[in-house]
Amino acid sequence: MKIKNKIKITVNGKQMQIIPKFTLKSLITKLKMPLNKIAIEINKKIIDKNRISKIRLKKGDKIEIVHFIGGG
Amino acid sequence: MIDKRFKIANKIFKSRLIVGTGKYKSFSECAKAIKTSGADIVTVAVRRVNISNKNKARLMDYIDPKKITYLPNTAGCFTAEDAIRTLRLAREIGGWKLVKLEVLGDKRNLFPEMIETLRSTELLTKEGFKVMVYCNDDPLMAKRLENAGAVAIMPLAAPIGSGLGIQNKVNIKIIRKQTKLPLIIDAGIGQASDASIAMELGCDGVLINTAIAKAKNPSQMAEAMKLAVISGRKSYLSGRINPNLFGSASTTNKGII
């Protein structure tokens with residue numbers, strides 16, 4: 001079945017298309033991100049990682065997924 | 001003389017050498033250098049995950065945050081708001097409250113923007129962060145940071161990554177005299193003797209990244225820095241002789257033939 005009305009979101013500066021009501025948890029699973037090594041922001045608001053299954057992504061959401069890299 | 005423990009925000013650390021994790025050729029080279037350095041604190045930065053290459057190696061896979069204290073920094077931040085956003089994210093990754101604040105004011109010389117740094121220190125402290133502050137070597141600003149709640153004062157020796165060594169020993173000495181907070185030289189170390197000098201001036205610790213990461217043999221330089229920090233600290237605690245303009249013979253003239 002072809003899914004209509006896909007919505008556009010931005011993840012780490014890149015545009016992605018998802019189905020409506022896609023949860024943040026589904027996105028993290030799809031991207032294969034290890035939850036214990038990342039932090040997530042949606043529209044500059046930090047997300048409690050315990051709540052990601054309850055958060056449904058909306059059109060135009062800007063998501064940032066960060067982790068630690070080498071630094072001084 | 002028995003040394004007092006190296007304590008930051010009520011936590012005791014074994015090593016007085018803090019090591020940065022940037023600029024290494026690989027994570028394994030970085031991990032090896034950290035091991036030989038003996039450091040129990042490493043600085044780390046917060047950046048976007050690469051979503052198109054999910055299998056890319058991660059720092060946390062090479063340096064275990066359960067075994068070594070991660071000190072998240074605010075590298076690349078130019079305003080208090082940027083710094084706070086970055087450190088809130090760092091805290092969300094794994095509950096880190098001990099942080100390194102670094103708010104820069106100029107992309108070329110990488111000097112700290114002290115007005116924003118002071119403002120950030122106040123705001124972050126109010127939010128419960130324990131803030132170790134990268135700053136210039138101005139004693140007045142160091143005092144203001146202390147009053148704002150900083151848990152460690154971290155003046156530069158010279159510009160970040162320059163390897164020029166300690167350019168203003170007098171200011172570092174004055175800051176040492178006025179503060180009981182941990183005083184850590186944060187930038188500009190080039191070689192092991194610079195680290196020893198920092199410790200001989202009475203600093204509590206040294207933070208080094210480039211001088212180790214960009215050395216031809218990072219692991220060996222890490223060990224040299226470890227020994228230099230220990231050596232400089234012991235020298236400081238031992239009480240040096242007064243410098244004299246003229247010589248003082250080591251051998252007595254008594255019984256001379």
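Please treat every number below as a calculation from the coordinates, not as lab data. Only a predicted model underlies this, so the values are computations on that prediction, with no experimental measurement involved. Cβ atoms come from the backbone with ideal geometry, glycine included; neighbour counts cover every protein chain shown.
Converting phi to 3J(HN,Hα) with the Karplus coefficients 6.51, -1.76 and 1.60 and the offset θ = phi - 60°, region B:102-112 yields 8, 10, 8, x, 8, 5, 8, 8, 6, 5, x Hz in sequence order, with x at every glycine or proline. Compared with the dominant principal axis of the Cα atoms in chain B, helix B:114-126 is inclined by about 70°. Inter-chain Cβ neighbour count for B:40-51, averaged per residue, equals 6 (cutoff 10 Å, partner chain atoms only). Across q = 0.27, 0.28 Å⁻¹, region A:7-66 modelled as identical point scatterers on its alpha-carbon atoms has Debye log10 I(q)/I(0) values of -1.34, -1.46, in the order of the q list. The shape of chain B can be summarised by an equivalent ellipsoid whose semi-axes, obtained from the alpha carbon gyration tensor, come to 34, 22, 16 Å from longest to shortest.
Helix B:27-37 and the longest principal axis of the Cα set of chain B meet at an angle near 30°.
Report for the protein assembly as shown the percent antiparallel among DSSP-assigned beta bridges with both residues inside it, nearest 5. Around 45 percent antiparallel, to the nearest 5.
Spin-label model, A:Lys59 to B:Val170: label points 7 Å out along the Cα-to-beta-carbon direction sit 6.6 nm apart. With a Förster radius of 30 Å applied to the C-beta separation of B:Lys126 and B:Lys177, the computed FRET efficiency comes to 0.55.
Each of the peptides B:98-105, B:212-219, B:178-185 was scored by the mean count of other Cβ atoms within 10 Å over its residues; in descending order, highest first, they stand as B:98-105, B:178-185, B:212-219. Once you divide the Cα radius of gyration of region B:146-257 by 2.2 N^0.38 Å, the number left is 1.31.
Counting Cβ atoms of other protein chains within 10 Å of each residue's Cβ and taking the mean over peptide B:78-85 gives 1. On the basis of the beta-carbon distance and an R0 of 51 Å, B:Asp61 and B:Asn242 show a calculated FRET efficiency of 0.45. Fewest-first ordering of B:Ser235, B:Ser248 by other beta carbons within 10 Å of each residue's beta carbon gives B:Ser248, B:Ser235. When Rg and the Kirkwood radius Rh are both evaluated on Cα atoms of region B:57-171, their ratio Rg/Rh stands at 0.98.
Multiplying the residue separation of B:Ile2 and B:Ala249 by 0.36 nm and removing their Cα-Cα distance gives an extension gain of 85.9 nm. Neighbour counting of Cβ atoms within 10 Å sorts the residues B:Lys35, B:Lys67, fewest neighbours leading, into B:Lys67, B:Lys35.
The convex hull defined by the C-alpha atoms of the protein assembly as shown has an orientation-averaged projected area of 21.4 nm². Shielding by partners for peptide B:3-11, expressed as the average number of C-beta atoms from other protein chains within 10 Å of each residue's C-beta, is 0. Please work out, to two decimal places, the log10 of the ratio I(q)/I(0) at q = 0.11 Å⁻¹ from a Debye calculation in which every Cα of region B:48-125 carries one identical scatterer. Results for region B:48-125 at q = 0.11 Å⁻¹ read -0.35. Name the aspartates and glutamates eligible as straight-distance cross-link partners of A:Lys21: C-alpha to C-alpha under 15 Å, and not fewer than 8 places from it in the same chain. Answer for A:Lys21, where 15 Å is the Cα cut-off: A:Asp61, listed by chain and number. In terms of the mean number of neighbouring beta-carbon atoms within 10 Å, the peptides B:193-206, B:121-134, A:16-29 order highest first as B:193-206, B:121-134, A:16-29. Phi angles of region A:56-72 translate, via the Karplus equation with coefficients 6.51, -1.76, 1.60 and θ = phi - 60°, into HN-Hα couplings of 9, 7, 10, 3, x, 4, 10, 9, 10, 10, 10, 8, 8, 10, x, x, x Hz per residue; Gly and Pro are given as x.
Computed 3J(HN,Hα) for region B:64-71, one whole-Hz value per residue from the Karplus formula 6.51 cos²θ - 1.76 cosθ + 1.60 where θ = phi - 60°, is 6, x, 7, 9, 9, 7, 7, 10, glycine and proline marked x. For chain B, DSSP calls about 15 percent of its internal beta bridges antiparallel.
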